[in-house]
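Before any comments, here is the structure.
The values are calculated or read from the model by the stated rules, or taken from the named source; none is laboratory data. In this text the structure is predicted, and so the values were computed from the model without any measurement. Cβ atoms come from the backbone with ideal geometry, glycine included; neighbour counts cover every protein chain shown.
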Amino acid sequence: MQNLALAPHACDAARSRGRRFAEAPAPTRSDFQRDRDRIVHSSAFRRLVYKTQVFVNHEGDLFRTRLTHSLEVAQLGRSIARSLRLDEDLVEAICLAHDLGHTPFGHAGQDALNACMQPHGGFEHNLQSLRVVDRLEERYPAFDGLNLTFETREGILKHCSRANAELLEEREPGGVARRFLQGSQPSLEAQLCNLADAIAYNAHDVDDGVRSGLITMAQLCDAVPLFARYHEATLAEHPQLSMPLAERRLLYESIRRMLSDQVYDVIDATQQRIAQARPCSADEVRAQPGPLVGFSDNMRQQSLQLKQFLFRNLYRHAQVMETMEGARRMVDELFAAYMVEPERMKPRFVQRALSAETLSQRARVVADFIAGMTDRYAAREHERLTGLRLLG
Ligand code: MG
């Protein structure tokens with residue numbers, strides 16, 4: 001049944017382009033709710049709890065992991081979706097799945113694996129998230145993967161190189177890769193997840209960064225006007241928060257205000273763009289020359305400043321880089337070891353590697369295995385194979 005609470009330009013589960021393998025509808029849940037539930041029950045989702053966002057898991061218990069990051073993205077996504085009358089279940093499904101393809105050790109792990117895979121077609125984490133839900137999860141008797149709807153898969157494949165888009169298009173003509181070849185847009189729900197991701201990590205990395213001691217609020221106030229504004233407003237309203245022991249409340253209140261304002265900005269700016277473009281269906285959204293979900297120009301500029309600050313001062317901090325150097329080495333050495341001795345992987349990967357006809361096919365199996373590892377599993381495997389302990 002058509003969902004009348006949705007805006008006409010939203011994705012409606014009742015009009016989904018469907019699943020790759022036909023399935024009878026569920027009696028009580030929409031197809032997007034069902035996608036979300038499948039993602040939550042997948043093993044790739046559970047593994048996110050031990051995967052690095054910025055800080056490696058053993059560095060502290062209270063820093064974000066890929067799992068808590070994904071939950072925060074889903075929370076922001078849902079709340080904006082409700083205001084824009086988009087499909088909340090679809091937004092939640094895409095947000096919860098968006099990082100399923102991430103390697104252990106965050107971007108260092110991804111860069112290392114991509115470097116190892118250069119002769120074999122490279123490694124892209126968005127494409128890997130799609131591989132996880134399309135092929136790597138083994139939970140159903142009749143097919144590989146989770147057999148998600150087109151709309152969820154469209155949102156999961158956030159970026160894709162032209163070469164990979166051509167390969168995907170060959171296997172699935174007119175499917176989720178088509179838009180990268182013709183330059184069209186994804187649904188509003190998918191656009192929203194991209195933005196919710198950025199809003200979430202900018203905010204929680206400020207929080208984790210300050211609590212880790214690698215960056216300070218004073219530094220943020222100096223270099224990031226977006227943060228300085230809310231910090232100042234908070235102190236003006238609650239002068240008692242300038243006391244040393246109140247620092248944490250000051251940090252949280254400043255971040256909370258910053259988050260709320262970004263959310264309101266996205267809702268306003270997006271509503272304006274939708275009012276101008278007047279798309280009457282999700283397909284009319286896809287045919288637009290650019291995305292409709294986004295910040296106002298002013299907020300985009302300020303959010304970019306914050307992102308650049310975090311890049312320079314947190315992600316490239318000497319202490320983070322040192323840990324990441326060890327992580328890079330582990331991924332490199334794991335890759336080299338399994339390429340020589342694929343039988344040292346888990347049985348189902350051994351079987352795939354041994355039936356590979358080319359070196360690149362074998363490398364893809366090794367990349368799938370490594371990408372699925374949690375940080376600590378990768379560290380243990382590395383120690384088992386090399387006798388070296390590089391982390392913790
Ligand atoms: Mg993310």
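Observations, loosely collected:
- Criterion (in contact (Cβ under 8 Å) with a residue 40 or more places away in the chain, over 17 Å from Ala196 (Cβ atoms) and outside the structural domain of Ala367 (by TED's automatic domain parsing)) met by exactly one of Asn114, Asn147: Asn147
- Lone qualifier among Phe63, Phe32 - being in contact with a strand residue (DSSP E or B) (Cβ under 7 Å, 6 or more places away or on another chain) and of a type in the set (Phe, Trp, Tyr): Phe32
- Selection within region 1-24 - more than 21 Å from Ser83 (Cα to Cα) and exposed (fewer than 11 other Cβ atoms within 10 Å of the Cβ): Met1, Ala22, Ala24
- Selected residue (only one of Leu113, Leu71, Leu86 is in a helix (DSSP H, G or I) and under 22 Å from Ile39 (Cβ atoms)): Leu71
- Candidate set: region 106-125, residues that are more than 15 Å from the ligand (Cβ to nearest atom) and buried (at least 23 other Cβ atoms within 10 Å of the Cβ); chosen: the one modelled with the lowest pLDDT: Ala108
- Whether a residue is over 28 Å from Gln319 (Cβ atoms) and either within 16 Å of the ligand (Cβ to nearest atom) or outside the structural domain of Lys158 (by TED's automatic domain parsing) (or both) was assessed, and Asn202 does not pass this test.
- Glu92 more than 12 Å from Ile39 (Cβ to Cβ) and not assigned by TED's automatic domain parsing to the domain that holds Arg328: no
- Any hit, region 127-150, residues being modelled with pLDDT of 95 or more, out of contact with any strand residue (DSSP E or B) (no Cβ under 7 Å at 6 or more places or on another chain) and within 30 Å of Ser260 (Cβ to Cβ): yes
- Test: residue in region 80-89 that is modelled with pLDDT of 95 or more and within 16 Å of the ligand (Cβ to nearest atom): yes
- Of all residues in region 67-87, exactly one satisfies the criterion of being crowded, with 24+ Cβ neighbours inside 10 Å and charged (D, E, K, R), namely Asp87.
- Looking only at residues of region 257-313 that are part of a helix (DSSP H, G or I) and β-branched (Val, Ile, Thr), we find that the one that is farthest from the chain's Cα centre (by Cα) is Ile274.
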